[in-house]
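Chemist: My questions all concern the structure below.
The values are calculated or read from the model by the stated rules, or taken from the named source; none is laboratory data. Not measured: the values here are computed from a predicted model. In this analysis, Cβ positions are derived from the backbone assuming ideal geometry, glycine residues included, and neighbour counts consider all displayed protein chains.
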Amino acid sequence: MATEKLSMAQALNRALRDSLAEDPTVHVFGEDVGPLGGVFRITDGLTAEFGEERCFDTPLAESGIVGMAVGMAMNGLRPVVEMQFDAFAYPAFEQIASHVAKIRNRTRGRVEVPLVIRVPFAGGIGGVEHHCDSSEAYYAHTPGLKVVTPATPEDAYFLLRESIASPDPVVLMEPKKLYWAKGEIDVERPAAPLGRAVVRREGADATLIAYGPTVPVALEAAEAAAAEGRDLQVVDLRSLVPFDDETVCAAVRSTGRAVVIAEASGFASVSSEIVARVTERCFHSLAAPVRRVTGFDIPYPPPKLERFHLPGVDRVLDAVDDLQWEDQ
């Protein structure tokens, strides 16, 4: 099978293009996603190719964007909406929590809401206030939503394709700083289903659990640790809801030690849930308490301070060193 080398932005664009071409019910809309192609050019060329009826701009009203998507999804369409930046999405959260997540349950399964909410999220681009945030916990805590996040261009393509095909609403958290990262993609291979984690690197000493923007940090930390004699495994969650307990727990049991890495603040976070699930299920296999490396419990800092807030390799290695090794 032929592979292509694409950036994550190009992979998402390809996924939208392929979905629009294959399914006439798919519609793409949001702020500046039409002729401009979106702030990050994820929708570049789609309006020219498919027309303004299929890919179009909306007013600057996130609640209205999602509300319209709900009505479209209830009536047989598959809308894919873009929240231009993570913190821009909060005005739409009432629609998401009250309607998107609950309609199927409210109607006892008679009404499906097959829509995708794309959220460029997290840091690493030097964005000012409201342009960088890690909001995944809000969505993961809302029953009725699937929440997925890619760390590679290939996963970006397949997670978006699978999200659009899903009968349930999906929030796709797209790491902004990885939009320009490139990788090989084979769009013809069978897609992994939503809800599956993957081991990105095998290791025997400890398991690093990461998702989205922190997966490259985990891999870099594992490389650095290898030079110091530590053999670290790296698990990429890919999906926050549903959560792949089987893959994660098998990985942790194989090493007996774990560190969870996330950009979001630590308190009441997705990282907190991961630690709880791992501890509950793997307690008798753990040689040390599960550690976390997260953003600090502060509002997202200005660009000049961003590098101090984001989890980095040194902080990850410090956490690994704190895992009660017998040789220390």
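Okay, residues lined up against (1) in contact with a strand residue (DSSP E or B) (Cβ under 7 Å, 6 or more places away or on another chain); (2) within 30 Å of Phe308 (Cα to Cα); (3) assigned by TED's automatic domain parsing to the domain that holds Ala250; (4) among the hydroxyl-bearing types (Ser, Thr, Tyr):
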site	(1), (2), (3), (4)
Val113	no, no, no, no
His141	no, yes, no, no
Pro167	no, no, no, no
Val171	yes, yes, no, no
Pro190	no, no, no, no
Pro193	no, no, no, no
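Chemist: Among the residues of the range 228-264 satisfying the criterion of being hydroxyl-bearing (Ser, Thr, Tyr) and under 20 Å from Pro289 (Cα atoms), which is surrounded by the most Cβ atoms within 10 Å (Cβ to Cβ)?
Modeler: Thr255
Chemist: While we're here: Residues in the range 301-328 that are part of a helix (DSSP H, G or I) and acidic (Asp, Glu): how many?
Modeler: 4
Chemist: Then there's this: Across the range 18-48, what is the total count of residues that are of a type in the set (Asp, Glu) and closer than 28 Å to Lys177 by Cβ?
Modeler: Summing the residues that are of a type in the set (Asp, Glu) and closer than 28 Å to Lys177 by Cβ in the range 18-48 gives 4.
Chemist: Has the range 303-311 got at least one residue that is within 25 Å of Asp133 (Cα to Cα), in contact with a Lys or Arg (Cβ under 7 Å, 6 or more places away or on another chain) and surrounded by 19 or more Cβ atoms within 10 Å (Cβ to Cβ)?
Modeler: So far as the range 303-311 goes, no, none of its residues is within 25 Å of Asp133 (Cα to Cα), in contact with a Lys or Arg (Cβ under 7 Å, 6 or more places away or on another chain) and surrounded by 19 or more Cβ atoms within 10 Å (Cβ to Cβ).
Chemist: Taking Thr149, is it closer than 20 Å to Ser265 by Cα, in the same structural domain as Ala11 (by TED's automatic domain parsing) and surrounded by 24 or more Cβ atoms within 10 Å (Cβ to Cβ)?
Modeler: In short, yes.
Chemist: If you don't mind, another one. With respect to the numbered conditions (1) free of Cβ contacts under 8 Å to residues at least 12 places away in the same chain; (2) over 26 Å from Thr214 (Cα atoms); (3) not hydroxyl-bearing (Ser, Thr, Tyr), which one is the sole condition not fulfilled by His141?
Modeler: For His141, the failing item is (2).
Chemist: Among helices (runs of 4 or more DSSP H) lying entirely in the range 1-112, which contain 3 or more residues that are out of contact with any helix residue (DSSP H, G or I) (no Cβ under 8 Å at 6 or more places or on another chain) and without any contact (Cβ under 8 Å) to a residue 60 or more places away in the chain?
Modeler: It comes to 62-74.
Chemist: Another question about this same structure. Take Pro213 and decide whether it is part of a helix (DSSP H, G or I) and in contact (Cβ under 8 Å) with a residue 12 or more places away in the chain.
Modeler: Yes.
Chemist: Within the range 135-201, considering only strands (runs of 3 or more DSSP E) that don't extend past its boundaries, which have at least 2 residues that are within 13 Å of the chain's Cα centre (by Cα) and either of a type in the set (Gly, Ala, Ser) or under 26 Å from Ala258 (Cα atoms) (or both)?
Modeler: In the range 135-201, 146-148, 170-175 are the strands (runs of 3 or more DSSP E) which contain 2 or more residues that are within 13 Å of the chain's Cα centre (by Cα) and either of a type in the set (Gly, Ala, Ser) or under 26 Å from Ala258 (Cα atoms) (or both).
Chemist: Another question, if that's okay. Quick one: how many residues across the range 40-55 are hydrophobic (A, V, I, L, M, F, W, C) and under 24 Å from the mean Cα position of the chain (by Cα)?
Modeler: Adding up the residues that qualify gives 4.
Chemist: Let me ask another. Quick one: which strands (runs of 3 or more DSSP E) sit completely within the range 234-300 and have at least 2 residues that are closer than 22 Å to Arg196 by Cβ?
Modeler: Where strands (runs of 3 or more DSSP E) fall fully within the range 234-300 and carry at least 2 residues being closer than 22 Å to Arg196 by Cβ, they are 239-241, 258-265.
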